[in-house]
Structure formats: structure tokens, C-alpha cells
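Reviewing the structure listed below.
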């Protein structure tokens, strides 16, 4: 319900008010209207329930042809539902019914979408049909109302001053269009151009209404592809097609996700009657805001083994169940709650305590032992459809809220660099009616300011638990809790940061005009902001000057305003003033990222080379349920710049006679001077099959075979076991034999006949040895070994990954090796999989193309990330053992052009020149990975072997060899922080520059090339209290070629540990007892006491890493003592902790 049409409140606790047990036993797309006399109301709806698992294809092609109808005299008391069949004979469905009163005839015109195949048509098509009625009981014979070249569904109509405006969804373009006429029937409607709607793709279910008392209208469109629900668009002139898109802070649609409905204008009396009948059962608390917690469990009183004492003074004691107990924790030197993970072991808060707490902060110390699987660390709610929870999985912390199901959870989620298992951490959840934020040890780790669910929407008499889930199949949590507190206010970022002696967050999101930002990297320690910019998705393809907008937090501002013009080609500086007046300088820089490589949302890419051109054939993404129908092809001459060559096949049209939709996972193979395009699509019965289409050109047009090549029935007849017959890929061996790989759940292979459109009898078999196989099996052959790669886990999971194995046969068995492509959560690279492998012709040079979740990740809800994916490309190499090395997924991608024609080849390199990317090759060796490279051809993975390298003032002269470049010496650490190490070395003579290498996963990786004679470098983005190894070599330039000196010795260095936090100083028997939280990676701690004579802190003790406390000798009564602590990693010290003072 809403008073203004823009701010909505859910009623009836978000539960249904009307339910249909007729027909399909479910309804969708409800439409409500008032009779012209205002004495009757009708609701008509689609008879459809997708949860019955029949699938969308069945729903469209052989679904219900009936409407479900209710009627009422007062909007409060409704009739039982009735079912009326209105669809024409042969219609596959009756979807999204609506009605409008025709003043000229005194009848209601009811209209809907139906999938119908007419005479002389080979495929069915969605059209709009209509019928007349006066009572919603009897209807006239239906007639066709709207037909377009494309499928059309979801029509809504509004009348204004005798003019009718229709809004309909083009099911092919996934956009909403407008047309208009002065009469409903027997008239030509004129299209209205709308720039706003033309730019909105992936929307459906339009509704439109006039604001009460205003000459303004609100059009809402359902953003189904991104899972965001309705978006309001405002206009004051229906005939103009001009709409204003509202920002998220200008409207609120309540807690339930609003999709495909209707808005009915109400009188105040009607509003009050509905509110009285169905008002939400829980309201927000009207409680005085307190500075201190309103609930505090410190677990120090363990006298009652069944209860938890509330020390806030509010007597909100909790209870213990099962084996839950209070134990002594040596690390914290205090009592804590221990849950052993056994069934029915948990702690409970008083029932109803969290009712209506729309604004609050929940704080707790947690040490998790359970870090995998499904469980809740902490939860509040009613049942498994209405809850808030915190889950502390290894390397991921997640807070989520829902009032319907897990698929509709609104979340704040953060990934951690290191394992959290067995480590104490302070977690705070700051909840408001429109946001949720998570803090870990004083740092903001995740925030969602688009929350539409309030705590009061969960209902009354809420349960709350530590260690227990509302899902019966979930595990009970094993771990420890301490200092569980609830505040009845939202703690500020400054308050939370100050508790840990940290700087508060001042900068949130950053946007740059003309640029699509993948990720903002904000480093508070170094006061740097790095903008990872997508070259492909940005309007501007190169970095330049633009307006940068800073979304500031906690009352902070940017000097000169939060919108600043910056030149992104260089580092810029801004001054940020916090709310307390502190001014700090920040450095802003931008990085141009070449991943993703295809503009828009595309997945399941297949990459190929034909002639002098690269091609990618992907799945068109962005449609719910992977329901896209079109295949595009993209081309490139250099692997960097890609062009969309258009649609080559549409499975929903006559292009593919046997298919109706769901165009997935294509692949292509060239043979016999023809191009064979293999693809997945669904039949009318909803089952996926593999088809093949043929063309004389890689760009099409393609002609599909009349029947599928592989079907579930064919696979079953051949004794093949698998889930779906999907994801084809083709491998052609050295003898010319071509093999088709496919499958879901279990993989299979079959040899293709020479015609490439039929299979060889007796050759289809399942393949063994593919660990955790899900889909997407791709094979390449190198040096006599068959290299198998396949995707694992669900494509909707962030853990989608590619695994790798080897075999001596294209049929297997396969020896599993290891994962070869996995997510990188720190870089927001998730859901990496469905790979294809490219070999550069004539070279031992490889690349892997794959998809990841669309970025920025916040653009897509957790339930739709798997429908919104983008295509990426990274380098693939093989090791000396002949095995494929793990691919590192990157944001940077491939920026160096890889050309295929001789005229565009990189300038020549001699056999003694060493490629930059092969540091282990000696100066007298040709690069082992490029056997085809001759003295007149440069390796394409060696971009630095070009005449663009700047020589030093005294370069090596022609004729001198690499041995004349001296070995780098004197490598040492200059300084280190928790996230960086600065190194230096002695300058060498006659060099053009230096290369810095870092050891990663047992391999040395080049991390920096320094031109000139600069002899220092700072390595950043490191983890605290961790050991690293580096080495350096010098290079010179001779005759346009790089020559190298020997590597320096290996420098072992350590980052500084973080400063201890959670400092407590207590007195007992005249002694001071100091304690602190364990610091990850620390090997010892040093305790300092303030010396009043020297006015400096003096070292008084060194404690082992397991000892996080110190007790002094006795002091005289009245003496004031003050302590600080440092953590140590070997001989590297952290900064001081906060000081604590105590009077004895």
C-alpha cells in the first residue's frame, strides 16, 4: 500500500491474501480493476505455477488457456476464485491478462498473450488476443489484437482524454515499446518513440497509473534480467514518450520484490479498510535510543549452566541448549560461549527481543570452527522463509535478509584474504530500514544501501539464535562467541573504527563519467583509490580527463566538492576532510582493464581462428533462466578489439525448426571448406538437444539441420548416462578425425562422420576420470598428450571453476590433475568457467577464453548473477613437465595485440634475445615455448622485444652479449608496512632498466619493469605478517633487442603484522593485567609501559605468539600505569596498539 504511489509498505506480513487451488494451482501477473460505477472490483491472473517443475517451455506451448478470476464489493472480502477458459484452440498459453473498460460499447475488453502456431507457419509465436465481457463470466470469441514481426507479450493500456496508450514487451529485443490510438479496436495504433525505453533492455511486465490529484503518470517496468524488480519512470505527457528515471532514494517498493502487477488508485476510506484488514503485524519499535548496549552477553557469569546473563541491566537473559557451555579461553583470557556443533546445541535470545528493531547494531566476537557447508552462525526470524542471518564461511562472511525464500535474499557479502577458521574476529552488523553493513575488526568489509526489507517485516515473536539455522538440513555451528552486544541504534563508522584505533571510512563508491568501473580499490592505509576501468564497456575507450564523483561516508567531504575533474591518465591527488575536521591527502589513479572483451553480457564463449581473423561464438546472456534465443558472432584481428558481426542463428524462429528457445553453449569447426556450428536449444517438451548448422562463412548465414544431432533419447539408446545433452565442443585430431564432446553431470564423446552432421556408429561412450564434472568439456592436444578441461559446480555459483586432466586417448580414461581456472574473490572475479582454448597457428602459444559474473558485482543480485555473465581472455601456458599451468584470471586481460598476418607481426628478435615472459630462459637459449619462431619473427608473447624500450644513457653497443650486463647485487628491504614492501639494490652501469620478480606458488613471476636506472620499487597489495621472496635482474638493449644479466640473490622479506586490537587493562591484587586479541601471523608480542621520567614507552616484556596477555608486578596503590603492545613477525614490528591507562 502507498499514500503517494512511490513509497510502498507490504501488508499481511508479505504473505498471500488470495490463493488459487484451481488449474495449475498458482497464479502470476495479477491485474486489478474497478468497475465504471465503482461498486465492483475484479482481479484476473495467469493460471501458472512454475514451481510445479514443468518448465517454461511447457508453460508456453502446452500450458493453461484459462484465466483465474476473483471479484469483490469492497477490496476486503473476495469471492472464491473461478477459472474461465478464454484462449483459442491450439493456444499454448494465456499469459498476463488485463482489462480496460470501453466507454463506447459499455463492455470490458480483456486481452492477453498466447503462443499460437497459425496455418502455414512452422513455428508458434506470441501474439496478443482479446475478448469482450460485461461480467467476467461469459466472454466473446477471442480475436487477434496485436501481431508484430517479433514475439509480443505483456501489454498494458491506459486512457487519457479519449486517447489510448499501449505498452507492450518485445520478447525478442527484451524492451518495452509504446503505441497509441483514439479507439481500442478496429484502429491503427501509431508508435511513439521513447529514448528512455529504447535504452532499457531486459525489462517486462509494464504497468502504468496516474498519480492521485496530479497530471503525472508513473510507468513501472520489471527489471527481470537483473533481478531488481520494478523501476518507476515518471512523465507529465503520455504522448511525448519522455520519462524521468527515478533514483533509488526517490522511491521504495517495500520488502517483497515487486514484479508484474497492477496499481489501483484508492480512496482514503478504501485505504483504511485494507490497512485494517491486512496491516503488517509488526511495527518499528518506539524506543529511546541508548548510547550503551540494550543487551550484553559477556559470559563471565557461568553459574547457571542453562542461561546467559544479560549484563546490560535490562534482564534480557538468554538460554543454552544441548551441549552449549561457557568455557575459559586462554587466548582472550576470559570466559566465552562454546558450541560443539552437535545437533540441537545452540544459544537462544529472548523470543520477541528483536521484534521491530528496524535500526540496530549487533556486535559479537566469533571464532569459527565450522567454515564450510550450509549453516547459520547467527540468525533472527520466524522460519525458513523469513529471517536474517550471519554466516562465517572460510574466506567469506555473509549477512542476508529475506521474507520469501533463499533465492530472494538481500545481502552484504565480503571475501577474506586468509582463512578465518580458528581466528577470533570482531563482527558488527549495522542494520537500518534501507541498508546493512558489516564490519570486521573495525573495518567496513561490505555494505548494501539498496535494502528494501525491514526487520519489522519479519513479523512478531521472532526467534534468534547463535549457532542454529532455520533450515532443518543445515548443520549446527561449531565455534566460540564472546561479547555479544545489541545496540538500539546504528553505530557510526567513526565509533566502530575508534574502538580499534583505526581510521574511519570516508570514501565509498566512486564513479567516472564515460567509464564503466569494474571495481573501486580503496586502501585506507596508503590513502589510495584505484579505479579498475572496463575498456570494453566504457563509452570512452582510453583514459582521459573526466568528472569523477565521490560518494562520501560518515560526513566526510572532498575539498572543492564531491565532483572533481581529474585526468585519469596520471595519478591525481584530492584532499578529504572527515567529519571531525581532519584533512588527509588521497591519491587517485585509474587502470584500464581489457577484461571483459565482448561488450555486454555474453557467456559460454567458443574461440577460433579462421584465416587472419579470430572469432568468438558465445551464449547471449542477461535473460532469466538462460532463456535467450539468439547466437551472435564476434570477430577480431588482434585479440584486443572485437566487433559484433550480428545474429547468425535464432532458435525461436524458422532458423531451427525443432527448437523453441534456450540457445546455449555453441562451438564451431571448419572442415571441407565448410563451417559447422554446433549449439544447444530446447524442444517444446523442455528437453535440451544439440543441433548443427552449416555455412560457407564463419559469419554465416547458417542453415540448421531439420532435426537435432544429439538428443536425450539418442544418448539413452547408446547406453550413455548423463543429465542433459548440452555443451558441445569439437576436437579434430592430427589424423583428421573429429570428435564431439558433450554432456551434463557425466561427459560423453562420439566420433563425427566426415560430413560433420552425423555421428559414427558404435563410437559414443562416457568418459571416465573427470573429477566433479558438471559441463563444458574441451580437449586440446599438445606433444602427443590429450589435455582435457571441464567446468565444475553450478554456473550460478561463484565457485564455478575449470578442472584439468590428461590422457593418451581422445576417449580417455582421464587422469585428473588439478583446477586450472578458479575465482579470484579479491579482484571481484567470480563464477569463472565454461572455457575454450585458443592456439595461435604455427606457435606454441595459447589463450583461454571463459566467462565470469558480470561486473560490477553489485549490479546483479545473488539470485541472478548466473544469468548475467561476461566474456574474458587470459594467457595459458604449459610447464616443463608438459602439463597445463593454472590460468590466472585477471581484470587487466590481454592488452598487447596478437596479430596473425606477417605484415602486422611484432618487430624481429634474434635467437639470443630472451622473451620478457620467460625469466628462466638463459640469454643463449631460444625460448622453449616458441619452437616455430625464426630469426625473422618475434614471439607474440614477448611484447617487450620491440624498438620502443628506452635505452639508458650508456646502452650496450652492438656486438656485446648478455654476459656484459652485470648481476644485480645489494638487494635489501628499505621499509615495510602491513600491505607493502619497499626494496632497493645497487645501481648497475650501462643498463636500460631492471625487472623485479616475485615468487608465487613455487613459480617466479615478473611484477615490474623499470626503465632507466631507478633502483627502488615498492611491492603493494600484500598480506600482513607474511613472508615473500623477490629477485632482480638488469637488462640492456643491443640492436633493438633486450639482453639480460644474471639474477640477484633471492631476497626474503616480511610484511609488518597488524597492530594488536581489543586491548583490555584490568587490576587484580595490586597488579595490572593487560590482554589483547591475537594478531594473525604474529610470532611474538612486545609489551611497553610508559615511563613518567623519560616520558617514553619502555619495553617491559616479550610474550610468545600464543600468549596474548601480560601481568605486571605489584604497584603501589594510586599509581597510574599505561601500556601499549606491538606485534612482531620475526624482527618486523607492527605499529603500536592503542594505549590503555589504569589506576591501581
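Results, tabulated for the structure shown:
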item	result
Hull shadow area, averaged, the range 12-278 [alpha-carbon convex hull, nm²]	14.5
Debye-sum result for the range 30-153 in log10 I(q)/I(0), which assumes one identical scatterer on each alpha carbon, at q = 0.16, 0.22 Å⁻¹	-0.78, -1.28
Virtual spin-label span in nm between residue 1113 and residue 1135, 7 Å along Cα→Cβ	3.4
Label-to-label distance, nm, for residues given as residue 286 and residue 1014 (7 Å Cα→Cβ offset)	6.4
Hull volume in cubic angstrom per residue (convex hull over the Cα atoms of the range 999-1090)	149
Rounded FRET efficiency, nearest 0.05, which uses the C-beta distance separating residue 753 from residue 696 and R0 of 35 Å	0.95
Between the range 1045-1079 and the range 675-746, the alpha-carbon center distance in angstrom	59
Cα centroid of the range 794-823 to Cα centroid of the range 172-207, whole Å	46
Cα→Cβ-extended label distance, 7 Å offset, between residue 672 and residue 76, nm	7.6
Descending semi-axes in Å of the range 1064-1143, equivalent ellipsoid built from Cα gyration tensor	22, 14, 10
Sequence-separation-based contact order of the range 313-453, relative, with Cα cut under 8 Å and 6+ spacing, percent	18
Beta bridges by DSSP in the chain, antiparallel share as percent, to the nearest 5	95
Added length on full extension, which subtracts the Cα-Cα distance from 0.36 nm per residue, residue 384 to residue 809	148.1 nm
Globularity ratio of the range 300-339, using Cα Rg and 2.2 N^0.38 Å	1.18
Bins of 10 Å from zero: percent of alpha-carbon pairs in the range 554-689	10, 28, 19, 13, 14, 12, 3, 0
Diffusion constant of the range 602-903 at 20 °C, which comes from Stokes-Einstein with the Kirkwood Cα-pair radius and 1.002 mPa s, µm²/s	112
Bins of 10 Å from zero: percent of alpha-carbon pairs in the range 142-221	17, 51, 29, 4
Surface/4 of the Cα convex hull for the range 507-593, nm²	5.0
Likely footprinting exposure, 136, 41, fewest C-beta neighbours within 10 Å first	41, 136
Extension reserve of the residue 717-residue 567 stretch, reckoned as 0.36 nm per residue once the Cα distance is removed	47.6 nm
Label-zone membership for the range 165-180, site residue 148, 7 angstrom Cα→C-beta point, backbone N under 14 Å	166-180
Per-residue [θ]222 nm for the chain (sum of -39500 (n - 2.57) over DSSP H runs n ≥ 4, rounded to 500)	-500 deg cm²/dmol
Ranked list, fewest to most other Cβ atoms within 10 Å of each Cβ, for 997, 139	139, 997
Percentage relative contact order, the range 645-804, counting C-alpha pairs under 8 Å, at least six apart	14
Which of 1061, 247, 662, 771 has the fewest Cβ neighbours within 10 Å, and the rest in rising order	247, 771, 1061, 662
Highest to lowest packing among 851-858, 16-23, scored as the average C-beta count within 10 Å	851-858, 16-23
Whole-number Å³ per residue for the convex hull built on Cα positions in the range 400-471	127
Relative contact order for the chain, counting Cα pairs under 8 Å that sit 6 or more residues apart, in percent	6
Extent along principal axes [Cα atoms of the range 295-499; Å; largest to smallest]	43, 35, 35
Distant alpha-carbon pairs in the range 402-541 (separation over 26 angstrom), percent	40
Mean-position separation - Cα centroids, the range 547-618 and the range 301-336, in angstrom	48
Rg/Rg_ref, the range 692-798, where Rg_ref = 2.2 N^0.38 Å and atoms are Cα	1.11
Length gained when the stretch residue 199-residue 12 is fully extended (0.36 nm per residue, less Cα-Cα span)	63.7 nm
Quotient of Cα Rg and 2.2 N^0.38 Å for the chain, N being how many residues it contains	1.04
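Every read-out reported here was derived from the displayed coordinates using simple, explicitly stated rules and does not represent laboratory data. Owing to the predicted nature of the structure, the values given are computational and were not obtained by experimental measurement. Here Cβ is always computed from backbone atoms with ideal geometry, including for glycine, and neighbour counts include all displayed protein chains.
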